[in-house]
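Single-structure report; data block below.
Just so you know, all these numbers are worked out from the coordinates, no wet-lab data involved. Since the model is a prediction, treat every value here as computed from it, not as a measurement. Methodologically, a virtual Cβ is constructed for each residue, glycine included, from the backbone with ideal geometry; neighbour enumeration extends over all protein chains shown.
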Amino acid sequence: MDKITAEIVGALGFVDETRRLQEFLAQWILSVSPELTEILDWQFDAGSKFFRPLTIFACHRSLGGGAVPDGLIRSAAVLEIMHNMSLVIDDILDQSEERRGKATLHARFGLLPALMAAGYVTADGFAMSAGDPHDIRLFAALIKRLGVAECAQWRLRRQPLGVRDWEEIAGEDTGTMFETCACLATRDERLRKFGRLLGTLYHGCDDVGDVKGLASLGGGGEEDLRDGILTLPAALAIQDPDVRDRFCKTEPDPADLALISAAMIAQLPAAEAHLDQIAADAKWEAHLHSADPAPLLALVDHTRELSRR
């Protein structure tokens with residue numbers, strides 16, 4: 001766990017719960033086939049921010065749930081397992097060589113081991129949840145929706161879409177995972193919309209952070225830029241007809257990519273303002289549907305800061 005994550009975990013008051021989660025995952029990795037021990041140890045020792053498990057814990061606390069039970073730690077661990085499955089596939093699709101400062105799973109071990117490990121952990125996650133039909137239904141719906149969302153996002157590359165389209169894509173691609181977190185915690189639907197908004201916020205902060213991280217190099221989220229993915233800064237930038245025409249090219253040249261990148265950087269203030277509104281909407285949902293919104297409000301604030309670091 002990096003310093004920033006540790007500070008967030010401490011500020012939210014979930015040090016013990018996060019320790020229990022990490023211990024659960026460590027014991028699980030020791031129990032898998034020896035063929036996959038090194039592979040999974042590599043994948044799960046990659047500096048997770050734990051925002052999804054923290055969402056589960058915060059939603060539980062917001063309803064006056066008291067101490068987090070072992071069953072919910074298991075649910076959080078399985079959710080983290082499913083999340084890592086999606087990361088492995090994303091890294092392969094994006095041809096990413098590194099994630100969080102270390103080699104991606106396919107770069108370190110090869111494509112076949114990475115793909116087989118993704119399938120293995122998904123199956124094992126379902127096996128862990130076998131005694132809880134509620135969790136099984138949520139995880140099944142999650143995997144199906146993630147599959148649809150990824151296919152849709154790929155199909156909609158280089159299209160002249162807008163901010164509302166981005167919200168729909170982000171809400172399914174990332175919001176689905178956070179919706180599932182909320183429903184795992186509450187075992188009902190009352191915080192589902194909060195989860196979707198939080199996930200959309202997280203997705204947007206990641207979009208903005210990618211552009212900020214490469215702004216000094218004249219870039220802006222190299223992989224998304226290369227593939228014509230509709231990020232929040234891109235959705236704002238392509239409101240300009242010239243930028244839109246270049247963005248929609250099947251094979252944009254380096255000059256096109258440089259202009260699109262510059263336009264995205266110029267739209268960062270507008271993107272930040274849009275994220276502020278999503279954060280405000282998430283907080284409103286927290287006030288409406290929780291007995292004690294404080295944990296959820298703090299979680300929104302920490303999520304919102306991700307694009308500002």
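Remarks
- Rounded if a/c under 1.5, otherwise prolate or oblate - the range 135-249, Cα gyration tensor axes: prolate
- Grouping the Cα pair distances of the range 75-166 into 10 Å bins from zero gives a pair-distance distribution of 14, 39, 33, 13, 1 percent in increasing distance order.
- Working note: Cα atoms of the chain, range along each principal axis, descending, whole Å: 55, 48, 34.
- Amide H partners (placed H, <5 Å) of residue 99, local residues excluded: 104
- Too-long pairs where the Cα-Cα distance tops 27 Å, listed order kept, from 102/193; 102/144; 102/212: 102/193; 102/144
- Spatial separation of Cα centroids for the range 54-68 and the range 144-223, in angstrom: 23 Å
- Using θ = phi - 60° and Karplus 6.51 cos²θ - 1.76 cosθ + 1.60, couplings along the range 182-195 (whole Hz; Gly, Pro as x): 4, 6, 4, 6, 8, 6, 7, 9, 5, 10, 4, 5, 4, x
- Farthest toward the positive end of the dipole of the chain, out of 113, 171, 260, is the Cα of 171, where the dipole comes from beta carbon charges about the Cα centre.
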